[in-house]
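Read through the structure below, which is laid out as structure tokens, and then see the notes.
Every read-out reported here was derived from the displayed coordinates using simple, explicitly stated rules and does not represent laboratory data. This one's a predicted model, so the numbers in the text were calculated from it and none came from an experiment. Note that we place each Cβ from the backbone using ideal geometry, even for glycine, and neighbour counts take in every protein chain shown.
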Amino acid sequence: MQPYSFITNHPLFVVKIHKSKIVRKESSHQVYKVPKTYFSRWTCSVTPKSNTQTTLREVFSSEPKQLSDQKLDRIVCKFGGSSLANAERLKEVGKLVQMQLEKSQRYPIVVLSAMGTTTNELLQAGELALKEGIVDISSIRKRAYLACEELHLSKEDLVDPLLTTLDQLLLGIKFIKELSPRTKDYLVSFGERLSVRIFASYLRQSEGLPTEPFDAFDLGFVTNSHFTNADLLEESFPRIRECFERLVQEHTLAVVTGFIAKDKQGNITTLGRGGSDLTAAALGAALGCSEVQVWKDVDGILSTDPRIVSDAIPVPFVTFQEAFEMAYFGAKVLHPIAMQPAMRHNIPIRVKNSYNPEHPGTVIKSRREHPSENPVTAISLKRKCHLVDIESTRMLGAHGFLAELFKVFGERRVSIDMIATSEVSVSMTLDPKAFDTRDKEELEVELSKIASVQFSGEKAIISLVSNVSRSTEILARSMQVLWKENIDVEMISQGASKFNISFIVEDNHADAAIRALHKEFFRH
Ligand SMILES: Nc1ncnc2c1ncn2[C@@H]1O[C@H](COP(=O)(O)OP(=O)(O)O)[C@@H](O)[C@H]1O
Ligand SMILES: N[C@@H](CC(=O)OP(=O)(O)O)C(=O)O
């Protein structure tokens, strides 16, 4: 089928419309070239549902919908693991979904992560099977069974088939002694696949809602094969739209797995930790929804990590770029890439608290209507980064040095976060998540061919997401504060991003630095 094809819901015919000149003639289908006045560049195949005299003209008597520009008058509501810890929380989330339904009179599209810490437990179970030869899914089984019992659902039909397959997968890991990134993705997919089935069943049986669970890969989510951190392919967007229109009726409340997708070979992939936010934003963008709501356990995006500063305050508004900088530089609250589809299609994201639904939370939009008085919007922290100091062994100013350097990192898919250069030396920080000991050894060997290299671990990047047009003030106040705290700044990056000023400090000074800076900009 062509990517843009869709099926109309005519009562008398199954009508498949294809954006192509020629449609393969299937035995049971009559193929019609539709008159230009109805669908320019569209052809269709029509299968009568029953013996009927209805003419084609009647089938196409209404104006065709323009698939690509059409907006869907629904919102996407994503609930993360922190909102789905147990049966009680699932009931609360059920209430929030009903509230949304009453408010808008439209079924929201619900995206769910795995319940609580299931993803971590699945990964631990994989490691245990690999390293100790022990197959143990008791914590995962217990959570799923407890939820079924408390929600009065039959565990035999709902979760047992998935748990049996999970058991077999772990046995496979134990015997084959292999836990490749591909297997890891298959392993963690059980978390989201369990949660959507339990929640959809609960809403259907207890609340009488027309709910159906969907695995995101059945709704068109296609990625490349970078297992554990796969990129959503552009072709997913028209596919999602086509699948959604075909599989989800107007009166269906769809509950979709976050985080997981499939590659073109049909292997299950994941979008990176926290990737359900991206699933929600991609669905919202593909379907032209009016809003994407991301429900967490905090009152929106806070001025800094609440685990370091307990009185961090909610930020009512941030731009997409600011949210991206925050997320990329460590604020765990949102997946860094999630902003991209929403930003491209100009769909606002609202971060809300499922434990405090009355709070307005944070709105993320393209543009700020009024400049904020505070030059700093929020402070984020990325810990345990590696700092690499590289000095060219070639003569001063040799061209192509930086290009060669970046090629070494690019080939190993190691991303560089911050960078500072002088004539012959370069210092950079590396994302700890995309970098392991083997990468380090390989990088050392390759880089030593063109430069002298020194790695030092245990660094932290502190990022002030801010109005950079006030950078002199921000830098002066920040340096003063850090100087008083006796904290050395090892590197500064300012100016490259219009929304971010970053400093490198020793990791063991990071908490003190964040507290001092937060006090200076938010609590003075
Ligand atoms: N700047 C920040 N604003 C809000 N939350 C933050 C921030 N930085 C870190 N966090 C942490 O992010 C958590 C929410 O993200 P996460 O656990 O991924 O939610 P979920 O699993 O519900 O998607 C919060 O509980 C909070 O501890
Ligand atoms: N369950 C996955 C995906 C996810 O997005 O989770 P959460 O929404 O709870 O951050 C993870 O733990 O990474």
* Write down Rg/Rh for region 470-524, rounded to two decimals, with Rg from the C-alpha atoms and Rh from the Kirkwood relation over Cα pairs. => 0.94
* Shape parameters for region 127-266, alpha-carbon atoms, Rg then Dmax in Å -> 16.6, 49
* Structure fact -> Per the rule of 0.36 nm per residue minus the C-alpha distance, extending residue 105 to residue 290 adds in nm 65.2 nm
* Using a cut-off of under 16 Å, list every residue of region 271-285 whose amide N is near the label point 7 Å from the Cα of residue 247 along the Cα-to-beta-carbon line. => 279-280, 282-284
* Virtual paramagnetic centre 7 Å along Cα→Cβ of residue 164, amide N under 14 Å, in region 124-156 -> 155-156
* Could you state the per residue volume, in Å³, of the convex hull enclosing the Cα atoms of region 351-479? -> 187
* To do: Write out the trypsin sites (Lys or Arg not before Pro) in region 434-470 meeting two conditions: DSSP loop, and at most 16 other Cβ atoms within 10 Å of their Cβ.
  => 449
* Give, in nm to one decimal, the length gained when the segment between residue 234 and residue 441 is fully stretched (0.36 nm per residue of separation minus the Cα-Cα distance). => 71.1 nm
* Measure up 174/296; 131/433; 95/262; 296/459; 91/155 against 25 Å on the Cα-Cα distance and list the ones that go over. => 174/296; 95/262; 296/459
* Asked: Residue separation times 0.36 nm, minus the C-alpha to C-alpha distance between residue 492 and residue 180: what's the value?
  -> 108.6 nm
* **Under 15 Å from the Cα of residue 519 - aspartates and glutamates, other chains or at least 8 residues apart** => 305, 311, 485, 511
* With each label point set 7 Å from Cα along the Cα-Cβ vector, what nm distance links residue 512 and residue 138? -> 4.4
* Rg to Rh for the chain: what is it, with Cα atoms only and Rh by Kirkwood? -> 1.02
* Inter-label distance, nm, simple model (7 Å from Cα along the C-beta direction), residue 404/residue 218 -> 5.4
* Report, in cubic angstrom per residue, the convex hull volume of the C-alpha atoms of region 255-324. => 134
* **Restricting region 476-524 to trypsin sites (Lys or Arg not before Pro) in coil, as DSSP defines it, with at most 14 other Cβ within 10 Å** => 498, 523
* To do: Return the long-range amide H neighbours of residue 466 (sequence gap of 5 or more, or a different chain), with a cut-off of under 5 Å between placed amide H atoms.
  => 377, 500, 501
* Structure fact -> Taking Cα atoms only, helix 181-207 is inclined relative to the longest principal axis of the chain by an angle, in degrees rounded to 10, of 50
* Estimated 222 nm signal from helices in the chain, with DSSP H stretches of n ≥ 4 weighted -39500 (n - 2.57), rounded to 500 -> -11000 deg cm²/dmol
* **Angle in degrees between helix 401-411 and the longest Cα principal axis of the chain, rounded to the nearest 10** => 40
* First measure r as the distance between the Cβ atoms of residue 458 and residue 480, then evaluate 1/(1 + (r/R0)^6) with R0 = 22 Å and state the FRET efficiency to the nearest 0.05. => 0.30
* Asked: Relative to the compact globular guide of 2.2 N^0.38 Å, what is the alpha carbon radius of gyration of region 98-176, as a ratio?
  -> 1.42
* Determine, for each peptide in 311-320, 149-158, the mean count of other beta carbons within 10 angstrom over its residues, then list the peptides with the highest first. => 311-320, 149-158
* Can you give me the pair-distance distribution of region 202-241, C-alpha pairs, 10 Å bins, whole percents? -> 27, 34, 22, 17
* Asked: Please state the relative contact order of region 81-147 as a whole percent: Cα pairs under 8 Å, 6+ residues apart?
  -> 35
* With the contact rule set at Cα under 8 Å and sequence spacing of 6 or more, what percent relative contact order holds for the chain? -> 11
* Structure fact -> Placing +1 on each Lys and Arg Cβ and -1 on each Asp and Glu Cβ in region 137-200, then taking the dipole about the Cα centre, the residue among 180, 169, 191 whose Cα reaches farthest towards the positive end is 180
